Each structure stands twice: as C-alpha cells, then as structure tokens.
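*Asks:* Take a look at this one; I'll ask things after.
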Amino acid sequence: MDATLARDWMRAAAAAVAADTDRLTRLDAAIGDGDHGVNLNRGFTAVVAALEQAPPETVSEVLVKAGVTLMSRVGGASGPLYGSALRAAGKALPPTAEVRPSELVTALRAGLEAVRVLGGAAPGDKTLVDAYGPAVDAFEQAVAAGADLAGAAAAAAGAAEAGAEATVPLQARKGRASYLGERSVGHRDPGATSTSLMFKALSQVA
C-alpha cells in the first residue's frame, strides 16, 4: 500500500458511509442516539476534504490525518473511536512510501487496541469490536498464508460483515445500547456495521 491507495481507501469509505447513511441512522435509532450515520458521513466528508487539501505522502500520514480529522469533527462515540483507531494505526506504521501487508497487520491491531482501551469493549459486547476483531484476525491469517493485500483485505471484509451480522442476537454491554438491556437483542449494531463498510472499502480499492 502506498499513500495514493490509502487516500483511495478513505475516499471509498466516505462513499460507502454516504451511501449507507440512512441505514446506519435507522440501526442507531433502534438502540442508540440515531446519529451514527449522520455523524460518520460528516466526519468522512471532512476527511476527504482534508486529504485533498494537503495530500500526505505516506500511508502513516494519511491514516493519522484521517484519524485526527474524525476526532475533531465528529461528535458522539464514533468520532473518538474511529479517529483513535486510524490515528493509532497510522502511528504504528513506518514513515515509508509503501508499507507491506505484514506491517498493515501491526497497524490494524494497534487501531483495534486503541478502540478497546478507549471504549472498554470486549468481543461479544455488541460494539464495533465484534466486526473489527474478526477482520484483523482474518487479515493476519491471510497474510501469514501468503496472500497479497487484495486477498487479505477480501478476507477481512468477509469476516467484518459476518461479525457485524453476529451482533444481532447479542445483548449490548457497552455504550448507549447497553441501557436497553434485553431490548437491545435482535438489532444489528450500527458501529459493527460501519466497521464492515470500512473493510469492504479497503477490499474494493485493493
């Protein structure tokens, strides 16, 4: 991956969020504040603008800039969580023109750890971790088996979508949805759904 591909990833993610804003809003309205889609759409629109205004020259810089932009422009939980993930991932990468899939494994894990530390969520809590964790595992396993970026990203996208769908029968234990108790069961988590969109966007551009 080089900086151009990283910027393409952020643009693809922004387009995916924009196209799915209404669905993300409906999912969040059922078990949260109802602002997940709108907030993320505003945030990624700002990310694309920031990256076009002053294009970073390394993958590390692209992800850090995207993360900082989300943290400063998005309210609610999604801005700090996604912003922290991207910023941590960027900081875990070397400042080189290109990064290898194995280095992206380290970066994605750093992003996952940042999310878990900030939100205190574990697998099974019905949060974006339930999509992000399986995605990173699948990406790492694919790379270990010799897959290139496209193959690893496709594996991650499939695992993220499966993880998001698997949140439906879970009872939320973190975030606003946890206030609903058993009433959160039967609803797909909006954060896990948007995480699936992020990895699908990576697979598309890869």
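*Asks:* Gain in length, Thr4 to Leu180, computed as 0.36 nm per residue apart minus the alpha-carbon separation, to one decimal in nm?
*Replies:* So the extension gain works out to 59.1 nm.
*Asks:* Next question. Computed from the coordinates I sent, P(r) over Cα pairs in 10 Å bins from 0, in percent equals one of [x] 8, 29, 29, 20, 10, 4, 1, 0; [y] 8, 34, 39, 16, 2, 0; [z] 10, 39, 38, 12, 1. Tell me the label.
*Replies:* It is the one labelled [z].
*Asks:* What relative contact order, as a whole-number percentage, does the chain give when Cα pairs under 8 Å and 6 or more residues apart are counted?
*Replies:* 22
*Asks:* Please compute the per residue accessible area over region 1-49 with all protein chains in place, 1.4 Å probe, rounded to a whole number of Å².
*Replies:* 39
*Asks:* First compute the accessible area of region 2-50 with a 1.4 Å probe, then give the percent of it belonging to carbon and sulfur atoms. Show your work: numbers first, answer last.
*Replies:* Values: 980 of 1890 Å².
Solvent-exposed carbon and sulfur of region 2-50 make up 52 percent of the total.
*Asks:* For the chain, what is the mean residue ellipticity at 222 nm derived from helices alone (per DSSP H run of n ≥ 4: -39500 (n - 2.57); sum divided by total residues; nearest 500 deg cm²/dmol)?
*Replies:* It comes out at -23000 deg cm²/dmol, rounded to the nearest 500.
*Asks:* Please work out how much length the chain gains when fully extended from Arg23 to Glu113, using 0.36 nm per residue of separation minus the C-alpha to C-alpha distance, in nm with one decimal.
*Replies:* Gain on stretching Arg23 to Glu113: 29.7 nm.
*Asks:* Points 7 angstrom from Cα along the Cβ direction at Gln53 and Glu165: gap in nanometres?
*Replies:* In this crude spin-label approximation the distance works out to 4.0 nm.
*Asks:* Would region 2-79 count as rounded, prolate or oblate if I go by the C-alpha gyration tensor, calling it rounded below 1.5 in a/c and otherwise prolate when a/b exceeds b/c, oblate otherwise?
*Replies:* prolate
*Asks:* For region 102-142, what class follows from the C-alpha gyration tensor (a ≥ b ≥ c being the square roots of its eigenvalues): rounded when a/c is under 1.5, otherwise prolate if a/b is larger than b/c, else oblate?
*Replies:* In terms of gyration-tensor shape, oblate.
*Asks:* Then there is this: Express in whole angstrom the spacing between the alpha-carbon centres of region 1-67 and region 136-184.
*Replies:* Centre-to-centre distance over Cα atoms comes out at 18 Å.
*Asks:* Would you mind getting the accessible area per residue of region 88-206, heavy atoms of the protein chains only, 1.4 Å probe, in Å²?
*Replies:* So region 88-206 comes to 43 Å² accessible per residue, rounded to a whole number.
*Asks:* Pairs of alpha-carbon atoms within less than 8 angstrom and 6+ residues apart define the contacts here; what relative contact order does region 76-121 have, in percent?
*Replies:* Normalised by residue count, the contact order of region 76-121 is 48 percent.
*Asks:* Keeping every protein chain in place, order Ser184, Ser72, Ser84 by accessible area at 1.4 Å, biggest value first, i.e. largest first.
*Replies:* Highest to lowest solvent-accessible surface, that is Ser72, Ser84, Ser184.
*Asks:* Which percent of the accessible heavy-atom area of region 162-204 goes to carbon and sulfur, probe 1.4 angstrom?
*Replies:* In region 162-204, the share of accessible area belonging to carbon and sulfur is 50 percent.
*Asks:* Separate question: Would you mind calculating the relative contact order of region 165-206 from Cα pairs under 8 angstrom and at least 6 residues apart, reporting the percent as a whole number?
*Replies:* This gives 36 percent for region 165-206.
*Asks:* A further question on this structure: Anyone know which of Ala155, Ala15, Ala107 comes out most mobile in the 10 Å Cα GNM of the chain?
*Replies:* Ala15
The values are calculated or read from the model by the stated rules, or taken from the named source; none is laboratory data. Computed from a prediction, not measured in an experiment: that's the story for all the values here. When we count neighbours, we look across all protein chains shown, and the Cβ atoms used for this are built from the backbone with ideal geometry, even at glycine. Ligands, DNA and RNA are stripped out before the accessible areas are found, and what is left, the full protein with its side chains, is counted by its heavy atoms. Shrake-Rupley method; radii C 1.70, N 1.55, O 1.52, S 1.80 Å.
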